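The values are calculated or read from the model by the stated rules, or taken from the named source; none is laboratory data. These figures come from a predicted structure and were not determined experimentally. For neighbour counting, all protein chains shown are included, and Cβ atoms are generated from backbone atoms with ideal geometry for every residue, glycine included. Areas reflect the complete protein model, heavy atoms only, side chains present, ligands, DNA and RNA absent. Shrake-Rupley method; radii C 1.70, N 1.55, O 1.52, S 1.80 Å.
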Amino acid sequence: MRHDETRTLSPPTTGTPTPEKPAPGPSPWVLRIVTVGLVLAALNLRPAITSLGPLLEEVRDGLHMSGSVAGVLTSVPPLCFALFGFTAPRLARRFGPTAVVCAGMVAITAGLLLRPFLGGTAGFLAASALALMGIAVSNVLMPVIVKRWFPDRVGTVTGLYSMALALGTALAAALTVPLTDALGGSWRTGLAVWAALAAVAVLPWIPFLKDRRGTAGQPAGAPAPPVLRITRSRTSWALACFFGLQATAAYITMGWMPQIFRDAGLPAGTAGVLLAVTMAMGVPLAFVIPRIASRLRTQGPIVLVLSGCGLLGYAGLYLAPAGGAWLWALLLGIANCAFPLALTMIGMRSRTGAGVVRLSAFAQSTGYLLSIPGPLLVGVLYQHSGGWGLPLALMACLLVPQTVAGMLAGRDRTIEDEC
């Protein structure tokens, strides 16, 4: 065989290029660390709120708060979630989502550690806002990190993260009073102890401080995706209203339900456990409700069931708060699972990933803004009426527009069609 024939049999050097091998994914150990970080972070996204409810009476007495000021305190979480949640995508593009979540855990640690010892209502509110700022940015960026590191297991990891969030919510409600008693009986120590859990949550994120990649691995500083005119969509507004009204109910429950039970004659420890029962209902239902919702063309029937449980729970708190306390706690726990339903509908009401991001940011931030007056108004009504009749009537009335908004948001359509 001649030399030129040998060359004709060799692989061509021009034409269609040889496909490149895909870049190797992260190692299993890296994914395990990220998973641990997600679980620990999720455990810390609610204790700053639910640890306060069982000790709210002691905090009010210790800081000489009126009922109206206590209402302001219960309105701080949705305010911070709305304001700081808007900044999370921009911070993630600049510094990377993992670095922002790490900073969020540091802020939670500092806020929880400082707020009982700053010596006044203003200091308590400021330190609470610091912790809630960390919660807000972390809450928004958790789904981004899940999609970035686990693109083929989004559902599984999201379920794990949702369970950890519900578990942290329930544990803080149930254990705050026993921990306070075990540590000497001071409400300041009982609230500050939760900073230890937040400090542990910082550690898994430290190795990823220099990771500047976003949702799909793009470098930080990349331009934002094209803007979807989401305010032209009726579904997006319905979702925002539904999200805001369910958040109103949730923060009223977390902030005031233990006080309702204490005013009915139940001890503080039992009131905290009842709140824990309400919050713990989100652990199993966080898996069940999204699965059912994703199999239905419209989610209106689920909205009706959840709202019905809420109405029964509020009626029970009015008629027999102590006699049926455990049943009312269970019913309100089911009603509060409108939160995972809202998140599921956000994912179903858009055809594209960019649309889901825009819809999530709009619905959550707008919704949290809408939820701010609710807990404050409950505090004012409680102070001026001297009982829980008017506050409970307000909570029941708010379920009506929540149901209507949920029915509209649950229709089988997408925001791209409406925009």
### Wholly enclosed helices (runs of 4 or more DSSP H) of the range 303-419 bearing at least 3 residues open to solvent by 60 Å² or more (accessible area, probe 1.4 Å)
325-335, 353-371, 373-385, 389-409
### Query
Based on what the data block shows, is ALA99 open to solvent by less than 10 Å² (accessible area, probe 1.4 Å) and either more than 19 Å from the chain's Cα centre (by Cα) or modelled with pLDDT of 80 or more (or both)?
no
#### Entry: Residue count for the range 80-96, restricted to those that are touching a Ser or Thr at 6+ places or on another chain (Cβ under 9 Å) and crowded, with 20+ Cβ neighbours inside 10 Å
6
### Query
What are the pairs, 6+ residues apart or on separate chains, where a residue within the range 272-290 that is touching a residue at least 12 places away in the same chain (Cβ under 8 Å) has its Cβ under 6 Å from a residue that is outside any helix (DSSP H, G or I)?
GLY282/CYS337; LEU285/CYS337; ILE289/CYS337
### Message
Would you confirm whether or not the range 50-58 contains a residue that is modelled with pLDDT of 85 or more and hydrophobic (A, V, I, L, M, F, W, C)?
### Response
yes
### Task
Might you check whether a residue that is under 22 Å from ALA250 (Cβ atoms), in contact with a helix residue (DSSP H, G or I) (Cβ under 7 Å, 6 or more places away or on another chain), crowded, with 16+ Cβ neighbours inside 10 Å and at pLDDT 80 or above occurs anywhere in the range 23-38?
yes
### Message
If a residue counts only when it is of a type in the set (Val, Ile, Thr), which helices (runs of 4 or more DSSP H) contained entirely in the range 144-205 have at least 3 such residues?
### Response
154-182
### Restricting the range 239-254 to residues that are open to solvent by less than 10 Å² (accessible area, probe 1.4 Å) and among the small types (Gly, Ala, Ser), the residue that is nearest to GLY410 (Cα to Cα)
ALA240
### Query
Does the range 131-152 contain any residue that is of a type outside the set (Val, Ile, Thr), closer than 26 Å to PRO267 by Cα and in contact with a Lys or Arg (Cβ under 8 Å, 6 or more places away or on another chain)?
no
### Task
Identify the single condition in (1) open to solvent by less than 10 Å² (accessible area, probe 1.4 Å); (2) at positive phi; (3) not polar (S, T, N, Q) that ALA131 does not satisfy, given that it satisfies every other one.
(2)
### Query
Which number in (1) more than 22 Å from GLN259 (Cα to Cα); (2) among the polar types (S, T, N, Q); (3) surrounded by fewer than 24 Cβ atoms within 10 Å (Cβ to Cβ) marks the one condition that SER66 misses?
(1)
### Message
Pairs needed: first member in the range 188-204, farther than 23 Å from VAL34 by Cβ and basic (Lys, Arg); second member anywhere, modelled with pLDDT under 95 and open to solvent by 10 Å² or more (accessible area, probe 1.4 Å); C-beta distance under 7 Å; at least 6 residues apart or different chains.
### Response
ARG188/PHE117
#### Entry: Failed criterion for ARG93 (all others in (1) more than 18 Å from the chain's Cα centre (by Cα); (2) charged (D, E, K, R); (3) modelled with pLDDT of 85 or more hold)
(3)
### Search result, residues across the range 282-302 that are open to solvent by less than 20 Å² (accessible area, probe 1.4 Å) and modelled with pLDDT of 90 or more
GLN299, GLY300
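Yes or no, residue by residue, for (1) modelled with pLDDT of 85 or more; (2) open to solvent by 50 Å² or more (accessible area, probe 1.4 Å):
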site: LEU175; (1), (2): yes, yes
site: ALA199; (1), (2): yes, no
site: GLY217; (1), (2): no, no
site: PRO226; (1), (2): no, yes
site: SER233; (1), (2): yes, no
site: GLN259; (1), (2): yes, no
site: ALA264; (1), (2): yes, no
site: PRO267; (1), (2): yes, yes
site: VAL277; (1), (2): yes, no
